[in-house]
Amino acid sequence: MNNPEEFVERASRFLKQQRELYGDFSVRLEEEVKEAEKTEEAHEPEVAFESDAEHSSPKPESTELEVETKVELTPAQRIAKCATLDELRALCEQDEKLRTDLEGTNLVFGVGNANANLMIIGEAPGQNEDQQGEPFVGQAGQMLDKIMEAINFKREDIYITNILKHRPPDNRDPKAEESQRSLPYLLRQIELVDPKLILCVGRISATILLNKDTTLKNLRQKFHPFHGRELMATYHPAALLRNKQWKRPAWEDVQMLRKRYDELMKEG
Ligand code: URA
């Protein structure tokens with residue numbers, strides 16, 4: 001194309017068409033383009049795509065909003081949240097309300113097979129138990145071992161605990177309010193061990209768990225339904241040490257217990 005006028009006319013026609021198609025435009029100088037790119041980079045959002053977010057720096061553990069909405073758990077919720085006996089024991093360690101009015105005692109939480117199908121529950125730790133942090137380790141404990149051996153149970157087969165987790169002064173009976181403060185922990189302990197059978201040794205632990213004020217004579221020789229399990233009561237081993245005439249009926253109780261245990265194990 002030799003004619004410059006014709007070139008200018010064609011060029012302006014082309015530009016007109018472009019404007020119709022794309023609207024007004026202006027030509028940017030090279031420096032202006034670079035400057036604009038820098039500004040655009042500065043305003044680029046930090047996370048452009050969800051997938052990028054996975055590779056970006058880790059989220060802070062809790063945002064201000066989460067902190068504001070965190071709710072204090074009630075004591076019952078804290079107990080229910082314990083998924084293991086160790087967690088429950090740690091919670092008992094922290095709870096000053098489990099203490100009796102005897103100062104400086106140790107926690108006596110429980111001992112034995114964490115998956116036992118037989119759980120034995122006494123009333124409260126004595127001096128030896130307090131010193132060693134384990135239930136039934138004194139004379140009464142030795143008697144309990146003998147009774148269990150007589151029906152072919154070893155300590156490793158069973159789980160042993162008490163209503164109270166701390167020793168009361170002068171080995172007195174647990175006060176009603178002490179038992180009530182301990183009960184939620186004990187009930188969770190039972191749930192976690194999940195035994196098929198519970199043997200309460202002594203009238204006190206049986207009446208507290210069954211919430212029935214009655215005599216041992218009325219309670220023994222039967223299986224009481226207890227939270228989807230069976231509970232039996234017999235003489236306290238310390239009582240057997242003092243009253244030899246009760247050994248015979250105690251023997252009958254534990255034989256009945258062994259028989260029921262075997263039946264339940266067969267049922268699966
Ligand atoms: N008596 C109980 O009831 N519990 C013990 O742990 C020891 C003695």
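The values are calculated or read from the model by the stated rules, or taken from the named source; none is laboratory data. Owing to the predicted nature of the structure, the values given are computational and were not obtained by experimental measurement. Here the Cβ positions follow ideal geometry from the backbone for every residue, glycine too, while neighbour counts run over all protein chains shown. Surface areas here come from the heavy atoms of the whole protein model, side chains and all, with no ligands, DNA or RNA. Shrake-Rupley method; radii C 1.70, N 1.55, O 1.52, S 1.80 Å.
Numbers below:
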item: Residue match in region 225-242 (condition: open to solvent by 10 Å² or more (accessible area, probe 1.4 Å), of a type in the set (Phe, Trp, Tyr) and within 16 Å of the ligand (Cβ to nearest atom)); result: yes
item: Long-range neighbours under 8 Å by Cβ, at least six apart or interchain, first residue farther than 15 Å from Arg172 by Cβ and free of Cβ contacts under 8 Å to residues at least 12 places away in the same chain within region 122-137, second open to solvent by 30 Å² or more (accessible area, probe 1.4 Å) and near the ligand (Cβ under 9 Å from one of its atoms); result: Val137/Asn128
item: Verdict on Ile198 being under 24 Å from Cys92 (Cβ atoms) and assigned to a strand (DSSP E or B); result: yes
item: Any hit, region 153-169, residues being away from the ligand (no atom under 16 Å from the Cβ) and open to solvent by less than 20 Å² (accessible area, probe 1.4 Å); result: yes
item: One residue from Arg248, Arg172 being within 13 Å of the ligand (Cβ to nearest atom), without any contact (Cβ under 8 Å) to a residue 12 or more places away in the chain and surrounded by fewer than 18 Cβ atoms within 10 Å (Cβ to Cβ); result: Arg172
item: Of residues in region 99-131 being open to solvent by 10 Å² or more (accessible area, probe 1.4 Å) and among the hydrophobic types (A, V, I, L, M, F, W, C), the one nearest to the ligand (Cβ to nearest atom); result: Ala124
item: Matching residues, region 100-119, being touching a residue at least 40 places away in the same chain (Cβ under 8 Å) and small (Gly, Ala, Ser); result: Gly110, Gly112, Ala114, Ala116
item: Residue match in region 132-140 (condition: in a helix (DSSP H, G or I), open to solvent by less than 30 Å² (accessible area, probe 1.4 Å) and within 11 Å of the ligand (Cβ to nearest atom)); result: yes
item: Counted residues, region 208-231 - those being under 17 Å from Val193 (Cα atoms), without any contact (Cβ under 8 Å) to a residue 60 or more places away in the chain and either part of a loop (DSSP other than H, G, I, E, B) or among the hydrophobic types (A, V, I, L, M, F, W, C) (or both); result: 4
